[in-house]
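I have placed the structure first, in the form of structure tokens, so that the comments after it can refer back to it.
The values are calculated or read from the model by the stated rules, or taken from the named source; none is laboratory data. Values in this document were obtained by computation on a predicted structure and should not be read as measured data. Ideal geometry is used to build each Cβ from the backbone, glycine not excepted, and the neighbour counts take in all protein chains shown. To get the accessible areas, we keep the full protein, side chains included, count just its heavy atoms, and leave off ligands, DNA and RNA. Shrake-Rupley method; radii C 1.70, N 1.55, O 1.52, S 1.80 Å.
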Amino acid sequence: MAVRLTIIGAGPGGYVAAIRAAQLGARVTLIEEAEVGGVCLNWGCIPTKTLVYSAELFNRVRHADEFGIDISGAASYNLSAIRGRKEKVVSTQVKGIRSLLKRWGVDLILGRGSILSSDVVRAVQKDGTTQDIKSDCIIIATGSRPATPSIFTFDHERVMTSDDAVRFDDVPKSLLIVGAGVIGCEFAFIYRSFGTDVTVVEMLPRALSTEDEEISEIVEREMKKARIKLITNAAVKSAEVGPDGSMHTTLASGQEINTEKILVSIGRSMNTEGIGLEAVGIETGKRGEIIVNDRMETNLPGIYAIGDVTGKMMLAHVASHQGIIAAENAMGGDWAMDYSTVPSAIFTMPEVGSVGLREYQAREKGIAVKTGRFQFRGLGKAHAMGEIVGMAKVVSDADTDRVLGVHICGPHATDIIHEAALAMRLGAKTSDISEMVHAHPTLSEALMEAALDVSGISIHTPKQQK
Ligand code: FAD
């Protein structure tokens, strides 16, 4: 008899796990209380990137004359058309996923799922219909939601989470973004491109604090050039509605900031409430995350957890890969998750792509490192595109020449990074990258030149004066 697998949550973790398990012959039930695709497709990766591309195009069109293109009159944007395009992109993808699930014979139930016992999951549909599903294996993929600290009163208009900001109902005159992490920085560039006066406050000393320090520096410099105000080492003390209806924010330093709206993006809370974890005794950690091993197993046999709810790297592609691992293992495989070569992609302007150890992390581990850098302005392709800001940086093991990490801030960094991720996955040396012939003219040449620079022999870098 086929293995009966029930999955709670159809985000990029859950729906991918469902398809892989079906490919392996399982009878799969997938329960989703909102919409397939989860946060990634409906409120996260895809809608924000659709907005990023509208914003980038708007920026480019305003500089079209630099490329010899005449556009008569000033460029302007149409908010409802931008929103409409975003919604169309999302709905096309939603339909695509629903159709894939159908083709693979996955039984999709639109409702709320919870674990009743180690082999029964209850699904309650919106109309109250209840189904108890007998399951040989269960995968929890319930994801996360924006953290909403009590210092802010979220009315979802003036004080917003990322779920509100992505609706893109309007372009406020001024916006305070609390948190200069990935989501905060991406929104800062989006709103600024459409003319909002953006201020970002960050508790830590730098924006994108988990990235390599030199990458943060470039992004901070670009924020400054775009006239996004960044205040670091700053905590919000209070945020209240002022007499004129605008938001009045006071920082711990006493500095006061008045803005039309506030977007709070200071992290995510895991969706672990009311899904029956206590009923069966599934272990959770300090942040509320479900504890799993590298095989994505919880402390209970046959019950797996994947994606944001595990509190590991909160990225869509991580959720999906964890989903594949859980599905394979549920079907008798022996797969383990390796986080060491997972690339990350940040859609600031310019983009950031990174993989492996940051220089500071390698040094903290006591590894002797050599580094190489290459500025995009040294590339013909970057000049042809009119996108010369940024650099590629290679962090290499000084003893073995192995690539420890690669960090790129610049045009198409989120695509270029995959060459580095593959190199690292194959245990490549820095010389494997530098000696590989890279096509010309391409942006990937930056990675080759940065690898050459580790040995001080980058061709297109001026000789250093001794
Ligand atoms: P989710 O996507 O959160 O999906 C969980 C699903 O479970 C949801 O659909 C929810 O409705 C459902 N659910 C929850 N509880 C129940 C229940 N009891 N019963 C039934 N269904 C339930 N990541 C990237 O890699 N790249 C990006 O560019 C990127 N951009 C982002 C931008 C924003 C603004 C945000 C907020 C996130 C972004 N992320 C990005 C992160 C990415 O969206 C998440 O890491 C990813 O969605 C996690 O996938 P998941 O399957 O674990 O959970």
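Key figures
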{"item": "In Å², nearest 10: area of residue 308 left accessible to a 1.4 Å probe", "result": "30 Å²"}
{"item": "Structure-based [θ]222 nm, the chain - -39500 (n - 2.57) summed over DSSP H runs of at least 4, per residue, nearest 500", "result": "-9500 deg cm²/dmol"}
{"item": "Enclosed volume per residue, in Å³, of the convex hull spanned by Cα atoms of the range 192-335", "result": "170 Å³"}
{"item": "Hull volume in cubic angstrom per residue (convex hull over the Cα atoms of the range 71-187)", "result": "211 Å³"}
{"item": "Reach of residue 463 by Cα under 25 Å, taken over lysines that are not fewer than 8 positions away in the same chain", "result": "370, 381, 393, 429"}
{"item": "Whole-number accessible area per residue in Å² for the chain, which is evaluated in the context of all protein chains at 1.4 Å", "result": "46 Å²"}
{"item": "Euclidean distance of C-alpha centroids, the range 320-391 and the range 187-205, integer Å", "result": "24 Å"}
{"item": "Where only C-alpha atoms are counted, convex hull volume of the range 174-243 per residue in Å³", "result": "83 Å³"}
{"item": "Cβ charges +1 (Lys, Arg) and -1 (Asp, Glu), total dipole of the range 226-295, debye", "result": "320 debye"}
{"item": "Heavy-atom SASA rank of 448, 313 (probe 1.4 Å, accessible area, largest first)", "result": "313, 448"}
{"item": "Relative pair counts by distance (%), Cα atoms of the range 345-425, 5 Å bins", "result": "3, 16, 24, 23, 17, 10, 4, 1, 0"}
{"item": "Axial C-alpha extent at least 30 Å, average Kyte-Doolittle at least -0.5 - helices from the chain (DSSP)", "result": "79-103"}
{"item": "Cβ-based net charge around residue 453, under 10 Å, with every Lys or Arg adding one and every Asp or Glu removing one", "result": "+2"}
{"item": "Semi-axes of the equivalent ellipsoid for the range 288-418, Cα gyration tensor, largest first, Å", "result": "34, 19, 12"}
{"item": "For q = 0.07, 0.13 Å⁻¹, Debye-computed log10 I/I(0) when each Cα of the chain counts as one equal scatterer", "result": "-0.41, -1.29"}
{"item": "Mean separation of Cα contacts under 8 Å, 6 or more apart, over the residue count of the range 399-464: relative contact order %", "result": "27 percent"}
{"item": "Partner lysines for residue 88 [C-alpha distance under 30 Å; skip if fewer than 8 residues away on the same chain]", "result": "49, 102, 126, 173, 261"}
{"item": "Cα coordinate range in the range 49-120, projected on the principal axes (Å, largest first)", "result": "65, 24, 19"}
{"item": "Share of carbon and sulfur in the accessible heavy-atom surface of the chain [1.4 Å probe, %]", "result": "53 percent"}
